[in-house]
Amino acid sequence: MSADRREDPTERQRGGSHAPRGRPAAAGRGAAVGMSRRGGHRARVTRDGLQPGRRGVGGRPAAALTALVAVLLLAGCGATGSPRADASPRGGIESGSGVTGTVTVLAAASLTESFDAIAAKLERAHPGLTVEVSYGSSATLVQQVNQGAPADVVALAGEAAAKPLDPARVRSSDTFASNSLEIAVPPSNPGHVTSLTDLSGLDLKVVLCEVTVPCGKAAAATLAKATVEPHVVSREIDVKATLAKVSLGEADAAIVYHSDVVAAKGAVSGIPIPAELNTTLDYPIIRLDDEAATRVFVHAVLSPQGRATLTSLGFGPP
Amino acid sequence: MSEAALDARISLTRGTLQVDVSLAAARGEVIGILGPNGGGKTSTVLALAGVLPLEEGHVVVSGTTWETAGGPRRLPEQRSVGLMLADALLFPHLRAIDNVAYGPRSRGVPARAARTRARQELARVGLGDLVDARPSELSSGQAARVALARALAADPDLFLLDEPLSALDPETRARTRSELARRLRDYGGVTVLVTHDPLDALTLADRLVFVEAGAVTQVGTPSEVLREPRTPYVATVVGLNLYAAQADSHEVLTLAGGTPLIVGESPLGQVWAAVSPHAVVLHRERPEGSSRNVWAMRVTEVTLRGQSARVSLTEPLELIAEVTLASVAALGIQVGSHLWASVKATEVSTYPR
Amino acid sequence: MTWRSRLGLGGPALVAVLLLTLPLVALLARADWGRLVSDVTGGTALPALRLSLVTTSSTAVLCLVLGTPLAWLLARSDHAGTRWLRALLTVPLVLPPVVGGVALLMTWGRTGILGQYLSPLGIEIPFTTVAVVVAETFVAMPYYVLAVEGAMRGLDPRLESVARTLGASDLRYLRTVALPLVVPGIASGLALAWARALGEFGATITFAGNFAGRTQTAPLAVYVALQEDPSVATSISIVLLTVSVIVLGLLRGRWIR
């Protein structure tokens, strides 16, 4: 594995715990479902979340005052662009001092790099705020929320993935980004893949997401449109696991999100899929409660800086 | 002794013990190896069996060389030996008959013939009605007899027994001992019997080999050894008081430590002096009379054996007296009491060292 | 026992019992029994269960054929190197299965230390049923080897001396005495290894991937099913639970005390 590993054991422990924080009824059942070590890419701040089950944790530098001011200003402006301007609670975002606590976020695996970056910036801006993000396939995350997982925010790959979500838990839902599909191949491209049609080669090893998860559904739709039947050797449990099989060189091609190819930073090469065949997913971010810290996080994602981070990592506008 | 059926020199190191033991025997002979624990008896047997390799020496049985140190070496399964240990060590998953048939089967005898032979062997040790018994269903004495039958069922040239009766209770031991003696009379090969029980050795062995600290200290027939033990250990085994002495003048020996011992003979130079425990007489008061050796002594130990008692005494020499229980009571003997001991000069036998 | 010590020990013991049994009860209580048959016979469940049966049986056979000689050699050696080897062999026991899966990719994958030579020959292990068996064997064989070695070490070494002097070679002793006497150890070793293989998830999904009928074993099917149809997941889980309990029950009556 080429990915670097920066771990701080104390940070990891803290990041891995899901403190129920006043929702005891939900805590026990949430832990029982899918929150196992293979359940998701659980990490507080991860910059190398390529491997399934990987828990990379970046160091959190001491609050830098300049960054704090910059982020606060930009975050404040961002509120106007948000369809839910009232999400800014009690001026917390402007002052940067009033918001404390922990936000527990469940996010689609494809959001690993961007949410890690947004969370890190937000924590620098709000020294009292801790953001814990657990990554996994959207399908798994929705099951976890429905089983009572103690989460404040859930961000999913595609509106369709949000459909099974228990409506009683949803406080607000905003679309914050979009993503389209791309073919990922190892940099050497051993299978000489240049287009979707090439994926049907019999000696080619193609890895897709499981059809139960959004990237698998999207890939199935695209392949149907292109009338291509690829030679699939494995259907992985989420998009990062799918990508890992390619970056490790075990598979010749995979259909993943454009954002994943960008986030892989050269570990894989991307081959674009024409717009008429592509499937675009709109990513909803869903608040599960009204706490100030929760609003601050959602707000940061929807802010122009949040969008800039997402755009720089390959996501499209909502 | 005609042609030697066993000619062996066992030389090897076990831990800190250097073992160097030579053995020779004719066909049909039973060699009893005696010695204190940790003296190299078991190592000798395991080396003969081929379980332990020799560092020096050789093992030749019935004219066939089984092993020469540094030369070719037969593995245990290539030697014609039978082995019987303190525990019967029957194969617990096999019936008595299959235990006994194991040796012949391993040496290539067809199943039917091996079982027939096993049946005969079991009958010879009086277990003809227990052929189908499982080891768990046998008493310890029966198990020992099955082990005996198993060891001899493949007609070994060399039969090795290591404390074969020591795990049995006294009554079973006596019965099994006579069974063993009877069976050994019919056996044509060489038997090497390791034991620390003098009774086993005296009743079963034709010749005794004493091994102490890895070396042979005395060899002889049981009667020879009984008559003239040559080490304190041998003397203890045969129940004698034995002293290394210097004969300087007429009828007076000087023991180690300077104590004089008056004898009825006139030996010269380095001698052994042996006194039977029965020849020691104990008194409360200094005895008057003909005894010429009289010592005031202290009791260190009293051991009861049936109707008699062995009384260990000390100073000026170590002495064991065997007296009746009545004497023990009459003399009020207990550990720490002071007594007079006397030995007639004619009860001391001497022989050269 | 006084009532005080009974309470002091009984309390934690009861908590332990609940911790262990309540999830099983919950699984049974929440099951949609009416859908059990259709859940298990339709879709991915049946191929996954069949695949689990095939791969765990293959793993058990591999343990028996490869693990027994290894246990035998370990049990008979007191060499310092043997102790190191034994310690090394127990590592997969404590290794997180996902790490095991990564390690297997590094070994058998296209760029792996063995895979790079096998790949040009057209032999590619990952994403195949063979990979599932390799992954399961990797995690399960240590259980087997340790169980059987323990049983073999429990044999009285003098039995071997006796057998050898009766003319039995090394192998004949192993076959006619040692193996029959360690059958209970072999059986419990097989049960342990089989159960471990049946539950194997992390190494399998990392190394063999997830493809229905080829590499999707029952635990993987449970995980995938949970994303869309928890009822199917529960149904497969109940089948796994039942099979495990039956096998354990059979072995317990016969060989495991």
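The values are calculated or read from the model by the stated rules, or taken from the named source; none is laboratory data. Please read these numbers as outputs of a predicted model, since none were measured by experiment. Methodologically, a virtual Cβ is constructed for each residue, glycine included, from the backbone with ideal geometry; neighbour enumeration extends over all protein chains shown. Protein only, heavy atoms only, side chains kept; ligands, DNA and RNA dropped before computing areas. Shrake-Rupley method; radii C 1.70, N 1.55, O 1.52, S 1.80 Å.
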Global geometry of the protein assembly as shown, whether rounded, prolate or oblate, following the gyration tensor of its Cα atoms and the 1.5 cut on a/c: prolate
Which residues in the range B:235-255 have a backbone N closer than 15 Å to a point placed 7 Å from the Cα of residue B:278 along the Cα-to-Cβ line? B:238-241
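Taking 0.36 nm per residue of separation and subtracting the Cα-Cα distance, what length does fully extending residue B:137 through residue B:288 add?
Full extension from residue B:137 to residue B:288 adds 48.0 nm.
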Paired Rg and Dmax values of the range B:4-234, which use every Cα atom, in angstrom: 17.3, 53
So, in nm, how far is label residue B:314 from label residue B:329 when the simple model puts each one 7 Å beyond its Cα toward the Cβ? 3.0
Please compute the modelled spin-label separation between residue C:73 and residue C:3, points set 7 Å along Cα→Cβ, answer in nm with one decimal. 6.3
Across the alpha-carbon set of the range A:179-280, Rg over Rh with Rh taken as the Kirkwood radius works out to 0.90
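Normalised by the residues of the range B:224-347, what does the relative contact order come to in percent, with Cα pairs under 8 Å and at least six apart?
25
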Go ahead and estimate [θ] at 222 nm for chain B from helices alone: -39,500 (n - 2.57) per DSSP H run with n ≥ 4, summed, over the residue count, rounded to 500. -7500 deg cm²/dmol
For chain C, the charge dipole (Cβ of Lys, Arg +1; Cβ of Asp, Glu -1; about the Cα centre) points to a positive end, and the Cα of C:100, C:232, C:147 closest to that extreme belongs to C:147
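Please give the charge dipole size of the range A:169-219, origin at the Cα centre, charges +1 on K and R Cβ atoms and -1 on D and E Cβ atoms. Round to the nearest 20 debye. Could you put the intermediate results ahead of the total?
Values: 4 positive and 5 negative charges, 64 e Å.
The calculation lands at about 300 debye.
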Of the options B:234, B:139, B:172, report the single residue whose Cα projects farthest towards the positive end of the charge dipole of the protein assembly as shown (beta-carbon charges: Lys, Arg +1; Asp, Glu -1). B:139
Ignoring ligands, DNA and RNA, how do C:125, B:320 rank by accessible area with a 1.4 Å probe, largest first? B:320, C:125
Would you mind working out the magnitude of the charge dipole of the protein assembly as shown relative to its Cα centre, with +1 at each Lys and Arg C-beta and -1 at each Asp and Glu C-beta, to the nearest 20 Debye? 1320
With every protein chain left in place, what is the accessible area of residue C:124 in Å² (1.4 Å probe, nearest 10)? 60
Have a look at the DSSP beta bridges in the protein assembly as shown and tell me what percent are antiparallel, nearest 5. 70
With every protein chain present, what accessible area does residue C:239 have (1.4 Å probe, heavy atoms only), rounded to the nearest 10 Å²? 40
Total accessible surface hidden between B and C, rounded to 100 Å², 1.4 Å probe: 1800
Sort out for me the Cα centre separation of the range B:300-353 from the range C:1-63, rounded to whole Å. 76
So if I restrict to the alpha-carbon atoms in the range B:239-352, what is the Rg, and what is Dmax, the biggest pairwise distance, in Å? 14.0, 41
Put C:106, C:152 in order of accessible area, largest first, 1.4 Å probe: what do you get? C:106, C:152
Using modelled amide H (1.01 Å from N, peptide plane; none on Pro or chain starts), what sits under 5 Å from the amide H of residue B:262, excluding residues fewer than 5 places away? B:253
Between residue A:312 and residue C:99, the FRET efficiency computed from the C-beta separation at R0 = 22 Å comes out, to the nearest 0.05, as 0.10
Computed on Cα atoms, Rg of the range C:36-190 relative to 2.2 N^0.38 Å comes out at 1.29
With label points set 7 Å from each Cα along the Cα-to-Cβ direction at residue C:183 and residue C:35, the distance between them in nm comes to 4.6
For helix B:96-106, what angle does its Cα long axis make with the longest principal axis of chain B, in degrees from 0 to 90 and rounded to 10? 70
Expressed per residue, the solvent accessible area of the range B:197-266 in Å² (1.4 Å probe) is about 42
So how exposed is residue C:64, as accessible area in Å² (1.4 Å probe, rounded to 10)? 70
Charges only on Cβ, +1 for Lys and Arg, -1 for Asp and Glu: so what's the dipole of chain C about the Cα centre, in debye to the nearest 20? 800
Among the lysines, which have Cα under 27 Å from the Cα of residue A:245 when same-chain residues fewer than 8 positions away are ignored? A:205, A:217, A:225, A:265
For B:322, A:250, B:288, give the ranking by accessible area with the largest first, probe 1.4 Å. B:288, B:322, A:250
Cα-based radius of gyration of the range B:98-235 once divided by 2.2 N^0.38 Å, which approximates compact folds: 1.18
